[in-house]
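Laboratory data are not the source of any read-out in this text; all were calculated from the coordinates shown. All figures in this text were calculated on a predicted structure; none of them were measured in a lab. Heads up, the Cβs are rebuilt from the backbone with ideal geometry, glycines too, and the neighbour counts pull from every protein chain shown.
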């Protein structure tokens with residue numbers, strides 16, 4: 001479950017990302033009542049098998065829920081919660097259609113499982129967390145906005161790359177870099193490559209420095225703003 005908000009006196013409207021349909025909007029009737037049979041199974045980040053009734057309106061109605069993984073640990077620790085919220089907001093912004101995308105679903109499931117095991121008591125800005133950044137890079141890849149950083153997008157030179165050009169979706173060398181280039185350090189280039197190609201479960205062990213993480217965040221934000229026309233509120237918290 002990606003997010004929810006109150007509806008009426010006892011209901012909630014939920015945004016789910018599903019294996020078979022992609023993103024769907026549903027209504028859970030009576031879920032805010034203390035005796036609701038669904039309430040504990042429809043918490044943020046929870047992974048469940050949901051039975052839906054499709055009526056005449058836009059929202060499906062939840063008629064049954066079987067919990068697969070509560071991801072309780074992700075909600076209980078403040079830092080884990082912040083990292084998880086970055087990831088689900090990215091899903092909400094990049095995947096807006098009711099369209100099957102198994103790879104996006106599997107990436108989300110792996111991300112939430114990795115959030116569960118971030119060491120308790122970890123501190124810092126969730127926006128600079130390696131797991132949050134790696135997940136967003138992978139979502140950009142799945143959305144068709146993957147930053148191509150292997151060679152200059154203007155002249156194809158593989159060396160002396162100095163930054164990321166949002167309108168071209170890739171790296172530029174010193175000779176081709178226009179004023180709007182997002183300048184990156186060598187550590188930033190290496191860090192982005194490592195985060196893209198490493199499994200989500202391994203990214204906290206990469207040992208990336210602050211400069212690499214800051215540069216990665218710059219690329220992610222620039223890609224969102226240019227290609228999607230949005231910013232994530234969770235990245236400015």
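Can you work out D for region 30-125 in µm² s⁻¹ from Stokes-Einstein, where Rh is the Kirkwood radius over C-alpha pairs, the temperature is 10 °C and the viscosity is 1.306 mPa s? Please list the in-between numbers first.
Details: Rh = 15.0 Å.
Approximately 106 µm²/s, per Stokes-Einstein.
Given 10 Å bins starting at zero, what is the percent of C-alpha pairs of region 156-237 in each, up to the one with the largest pair distance?
17, 45, 33, 4
Using Cα-Cα distances under 8 Å and only pairs 6 or more residues apart, what relative contact order does region 72-235 have, in percent? Working shown, then result.
On the way: 233 pairs, mean separation 39.9, N = 164.
With pairs under 8 Å counted, the relative contact order is 24 percent.
Express the C-alpha Rg of region 73-132 as a ratio against the empirical globular expectation 2.2 N^0.38 Å, rounded to two decimals. Intermediate values should be presented prior to the final figure.
On the way: Rg = 12.1 Å, N = 60, 2.2 N^0.38 = 10.4 Å.
Working it through for region 73-132, the quotient is 1.16.
Can you give the calculated 222 nm mean residue ellipticity of the chain, where each DSSP H run of n ≥ 4 adds -39,500 (n - 2.57) and the sum is split over every residue, rounded to the nearest 500 deg cm²/dmol?
Numbers: 6 runs with 77 residues, N = 237.
Rounded to the nearest 500, the figure is -10500 deg cm²/dmol.
Using only Cα atoms, locate the centre of region 166-185 and the centre of region 85-123, then give the distance between them in Å, rounded to an integer.
Taking the Cα centre of each part, region 166-185 and region 85-123 sit 29 Å apart.
May I ask you to derive the relative contact order of region 187-237, considering only C-alpha pairs under 8 Å and at least 6 residues apart, and to give it as an integer percent? Display every interim value, and only then the final one.
Working: 24 pairs, mean separation 19.7, N = 51.
About 39 percent, as a whole number.
If you build the Cα gyration tensor of region 1-71 and take the root of 5 times each eigenvalue, what three semi-axes come out, in whole angstrom, biggest first? Before the final figure, lay out the partial values.
Values: eigenvalues 52, 48, 23 Å².
Working from the Cα gyration tensor, I get semi-axes of 16, 15, 11 Å.
So if I average 1/r over every pair of distinct C-alpha atoms in the chain and take the inverse, what Kirkwood radius in Å does that give?
Details: mean 1/r = 0.0528 Å⁻¹.
About 18.9 Å for the chain.
Under the definition of Cα pairs under 8 Å and six or more residues apart, what whole-number percent is the relative contact order of region 1-104? Before the final figure, lay out the partial values.
Details: 185 pairs, mean separation 28.7, N = 104.
Once divided by the residue count of region 1-104, the mean separation gives 28 percent.
What is the gain in length, in nm to one decimal, between residue 236 and residue 76 on full extension, counting 0.36 nm per residue of separation less the C-alpha to C-alpha distance? Before the final figure, lay out the partial values.
Numbers: separation 160, 0.36 × 160 = 57.60 nm, distance 2.16 nm.
Using 0.36 nm per residue and subtracting the Cα-Cα distance, I get 55.4 nm.
Highest first, please rank the peptides 192-198, 99-105, 133-139 by the mean number of other Cβ atoms sitting within 10 Å of their residues. Can you show the working numbers first?
Working: 192-198: 17.9, 99-105: 14.6, 133-139: 26.3.
Put in order of decreasing packing, that is 133-139, 192-198, 99-105.
Normalized C-alpha radius of gyration of region 172-213, against 2.2 N^0.38 Å?
On the way: Rg = 12.6 Å, N = 42, 2.2 N^0.38 = 9.1 Å.
That works out to 1.38 for region 172-213.
Whole number please: convex hull volume per residue, Cα atoms of region 67-172, in Å³.
In region 67-172, the Cα convex hull volume per residue is 127 Å³.
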